[in-house]
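Okay, structure first, notes after.
Readers should treat all values here as calculations from the given coordinates under stated rules, not as data from a laboratory. Predicted, not measured: the structure shown is a model, and the values here were computed from it. Every residue, glycine among them, receives a Cβ derived from its backbone with ideal geometry; neighbour counts consider all protein chains shown.
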Amino acid sequence: MEPFKTITATAVPLDMANVNTDQIFPARFIRKPRAVGYAQFTFHDVRRREDGSLRPEFPLNEDRYRDARIIVGGANFGCGSSREGAVYTLIDSGVRALIAPSFGDIFAANCLKNGVLTVTLPDDIVAGLREQLRGADRPVLAVDLEAQAIVMPDGTTLDFSPDPFQKHCLLNGLNEIDLSLEFAAEMAAFEASYRERFPWLAPDAQRTRG
Amino acid sequence: MPRARTIIDKIWDSHVVARRDDGECLLYIDRLLLQENSFHGFDKIRREDRTIRNPGQAFAFSDHYVPTVGREQGLDGIADPEIRNMVELIESDSRDNDITLFGLGDIRQGILHVVGPEQGITQPGLVIAGADSHTSTHGALGTYAFGVGSSEVAHVLAVQGLWRARPKTMRVLVETPLSDGISSKDLILAIIGRIGAGGAVGHVIEYAGPGIAALSVEQRMTVCNMSIEAGARAGLISPDDKVCEYVKGRPYAPSGELWDKALAYWRTLASDADASYDREVRIAASEIPPMVTWGTNPEQVAAVTGTVPDPAAESDPGRRTRMERALAYMALEPGTELRSIRLDRVFIGSCTNSRIEDLRIAAAVAKGRTAQVPTMVVPGSGLIRQQAEEEGLHETFLAAGFEWRSPGCSMCVGINGDMLNPGERCASTSNRNFEGRQGPGGRTHLMSPAMAAAAAVTGRITDVRELTGEG
């Protein structure tokens with residue numbers, strides 16, 4: 001996984017609460033192999049009319065935000081379906097950081113597994129950030145994960161508090177499965193006592209039927 | 001005296017494999033549920049050359065992409081090569097990895113959240129991870145069940161555990177039983193309307209109280225199913241005798257001596273009476289009427305007797321903007337009587353409402369009446385379809401002009417090809433009324449099976465109580 005340390009990039013304000021993963025990545029594209037490149041699907045039906053033309057009112061279609069690598073969204077961003085394609089499509093579009101008052105739990109977990117930073121900040125702070133981006137000559141943010149700080153267009157700094165483990169994984173580009181397999185001895189011991197305590201759950205007991 | 005614990009605490013405490021300094025726990029995963037969209041997870045396992053730790057604890061289901069007609073043709077009945085490929089992938093990934101598949105051609109095949117409980121794969125006290133956000137459904141049996149993405153699918157396959165922080169808890173206390181003719185779908189829609197689409201983010205919901213105890217196990221599944229629509233990590237219900245009775249005798253349920261051991265354990269799982277929760281919401285269910293969504297997420301819901309709300313009357317500017325956007329998408333005017341809204345299609349199915357009790361209720365409304373708009377009934381599994389046919393429900397549906405289809409997710413998510421045309425308006429028993437969910441440009445009104453059947457035979461949103469004389 002590509003480590004995340006700092007990013008200085010265009011940030012797009014999306015003033016919508018409850019953005020769901022069907023909006024980020026419509027279900028009919030899930031069956032596409034990743035190799036086709038998922039950037040073409042990002043916010044597909046929100047960005048485009050039925051005839052394929054772009055909706056000018058959607059911020060990502062504005063020239064000033066077109067190369068955005070940071071999204072500043074509303075509450076409950078990424079709610080709904082667990083499809084990880086919603087993260088793949090953002091990555092393929094260049095997005096590496098998301099800032100919102102809250103995130104859908106499954107979506108946030110999927111982001112972490114793919115090296116995308118999710119920053120949670122209070123509602124009014126995020127609203128102020130979106131407002132500043134809309135008014136700025138250049139809607140650019142600098143996000144520094146090590147320093148836990150975001151430099152806003154007006155030069156002021158916002159501090160944030162990432163989950164320590166999230167920070168550690170992102171900074172080092174760690175594969176979580178490798179980390180977890182370091183607990184193989186604990187897992188083996190756990191499973192042995194677990195199956196003794198709950199014998200009806202032993203794999204053999206589960207496989208005898210069906 | 002030991003600390004009073006919730007069922008969430010009890011399940012959590014019995015599943016902690018290891019604990020990190022930051023408090024996150026490696027939680028043991030009893031069962032992993034997979035579906036066609038899990039292919040990225042298997043790709044990751046192959047790419048990283050991982051060994052699957054316990055293939056016997058994973059179960060795969062062909063449900064999202066299977067056709068609901070022409071099933072006698074098997075894979076050849078799938079015309080679209082990309083859709084067919086998805087069904088082939090879950091078959092080959094299961095076979096190659098020695099994972100049990102409930103696939104096309106198997107009478108047990110169906111929606112993963114229907115088949116899991118039906119087969120006894122879902123049992124009280126488990127931790128279940130599913131490659132689908134509606135995995136919360138399984139919580140109805142007193143299990144801690146949640147959806148995961150493909151990377152965590154791969155993680156569970158390789159590790160048999162997942163890292164999680166102990167969740168916050170919310171108790172939804174349903175203080176009174178539902179009125180006659182009102183379903184648990186109405187209840188969960190009312191709950192989401194009350195707490196909001198993000199109202200339970202970071203929390204696990206425990207549904208409790210006399211209004212929940214009175215529900216059948218299938219009705220409880222409908223409630224737990226939509227926990228994710230309130231943003232909850234999971235939703236569950238303390239198991240009671242109804243749950244134990246439900247599990248008994250199912251193919252994967254323990255039997256003999258193991259059944260007695262399991263039962264004794266399951267009876268210890270219910271939340272202690274004096275356990276505390278981070279939040280509590282109280283609902284007087286006897287006051288809930290049939291509910292219908294008017295907007296583009298499940299919190300945008302109202303009583304069927306009401307009208308489309310007016311954004312101008314909303315004081316919160318964010319909410320107002322969302323309402324305006326939703327009404328523009330749904331092509332609805334404020335003040336319109338919900339019962340005057342005409343429909344183009346009706347869908348009865350999905351992991352929320354496709355079980356035998358749902359079909360019985362829909363058939364009771366359809367009996368002796370005639371569909372006014374194209375209506376499809378999609379049972380949740382092959383066994384449910386079979387049982388419904390034994391009971392003659394399919395004859396009632398067919399006589400009313402409803403289509404009687406084969407099991408799958410179908411038009412809840414529209415990726416098997418069952419979908420709305422742009423601009424079409426649908427009464428649906430599914431769980432998401434998101435923009436484009438049932439097909440690009442499609443408009444969805446969520447409701448109960450009884451309400452959907454009533455909509456089918458009138459061609460408009462209808463208070464089912466006007467047809468049945470209840471309420």
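Centre-to-centre, using Cα atoms only, segment A:105-121 and segment A:153-173 are separated by 12 Å.
Taken about its Cα centre, segment B:1-160 carries a charge dipole of about 660 debye when Lys and Arg each add +1 at the Cβ and Asp and Glu each add -1 at the Cβ. Note on segment A:1-51: Rg/Rh from C-alpha atoms, Kirkwood Rh, equals 1.03.
The alpha-carbon atoms of segment B:46-88 define a convex hull whose volume equals 104 cubic angstrom per residue.
Using R₀ = 45 Å, calculate the FRET efficiency as 1/(1 + (r/R₀)^6) where r is the Cβ-Cβ separation of B:Ala79 and B:Asp274; round to 0.05.
Numbers: r = 59 Å, r/R0 = 1.31.
After rounding, the FRET efficiency stands at 0.15.
Helical content of chain B, expressed as a calculated mean residue ellipticity at 222 nm, amounts to -9000 deg cm²/dmol (DSSP H runs of 4 or more residues, -39,500 (n - 2.57) each, divided by residue number, nearest 500). Rounded to the nearest 500, the helix-only mean residue ellipticity at 222 nm of chain A stands at -9000 deg cm²/dmol, with each DSSP H run of n ≥ 4 adding -39,500 (n - 2.57). Projected onto planes of every orientation and averaged, the convex hull of the alpha-carbon atoms in segment B:62-156 covers 6.5 nm². Counting Cα-Cα pairs of segment B:308-453 in 5 Å increments starting at 0 gives whole-percent bin shares of 2, 10, 19, 21, 18, 13, 8, 5, 3, 1, 0. Computed on chain A, with alpha-carbon pairs under 8 angstrom and 6+ residues apart, the relative contact order is 24 percent. Debye-formula intensities of segment B:235-373, expressed as log10 I(q)/I(0) at q = 0.19 Å⁻¹, are -1.22 (one equal scatterer per alpha-carbon, no solvent). Label reach from A:Leu171 (point 7 Å along Cα→C-beta): in segment A:113-155, amide nitrogens under 19 Å belong to A:113-120, A:142-151. Placing one equal scatterer on every Cα of chain A and applying the Debye formula, the log10 ratio I(q)/I(0) at q = 0.08, 0.09, 0.11, 0.15 Å⁻¹ is -0.35, -0.43, -0.59, -0.95.
Taking θ as phi - 60° and the Karplus parameters 6.51, -1.76 and 1.60, the scalar couplings of segment B:259-270 work out to 4, 4, 5, 4, 4, 4, 5, 4, 6, 9, 7, 4 Hz in sequence order, x denoting glycine and proline. The angle separating the long axis of helix A:123-135 from the principal Cα axis of greatest extent in chain A is about 40 degrees. What the phi angles of segment B:434-440 give under the Karplus curve with 6.51, -1.76 and 1.60, with θ = phi - 60°, is a coupling list of 4, 3, x, 4, 8, x, x Hz, glycine and proline written as x. Regarding segment B:85-239, what's the average projected area of the Cα-atom convex hull, expressed in nm²? Projected over every direction and averaged, the Cα hull of segment B:85-239 covers 10.3 nm². Over chain B, the pair-distance histogram of Cα-Cα distances with 10 Å bins from zero comes to 4, 21, 31, 27, 14, 3, 0 percent, rounded to whole numbers.
Computed on the Cα trace of segment B:12-101, the radius of gyration divided by the Kirkwood hydrodynamic radius gives Rg/Rh = 1.11. Across segment B:157-163, rounded Karplus estimates of 3J(HN,Hα) from the backbone phi angles (6.51 cos²θ - 1.76 cosθ + 1.60, θ = phi - 60°) give 4, 7, 10, 6, x, 9, 7 Hz, Gly and Pro being marked x. Checking the cross-link pairs B:Lys10/B:Lys261; A:Lys113/B:Lys44; B:Lys44/B:Lys168; A:Lys5/A:Lys32 against a 20 Å limit on the alpha carbon distance flags B:Lys44/B:Lys168; A:Lys5/A:Lys32 as lying beyond it.
Under 1.5 on a/c is rounded, so check that first for the protein assembly as shown, then, if it is not, pick prolate when a/b is larger than b/c and oblate when it is not; a ≥ b ≥ c are the square roots of the alpha carbon gyration tensor eigenvalues. In terms of gyration-tensor shape, rounded. Rounded to whole Å, the principal axis extents of the Cα atoms in segment B:148-187 read 48, 22, 13, largest first. The alpha carbons of segment B:119-160 give a radius of gyration and a Dmax of 10.3, 28 Å, in that order. Distance from the Cα centroid of segment B:318-372 to that of segment B:409-442 is 11 Å (rounded to whole angstrom). With a cut-off of 9 Å between beta carbons, the residues surrounding A:Gly115 carry a summed charge of +1, where Lys and Arg count +1 and Asp and Glu -1.
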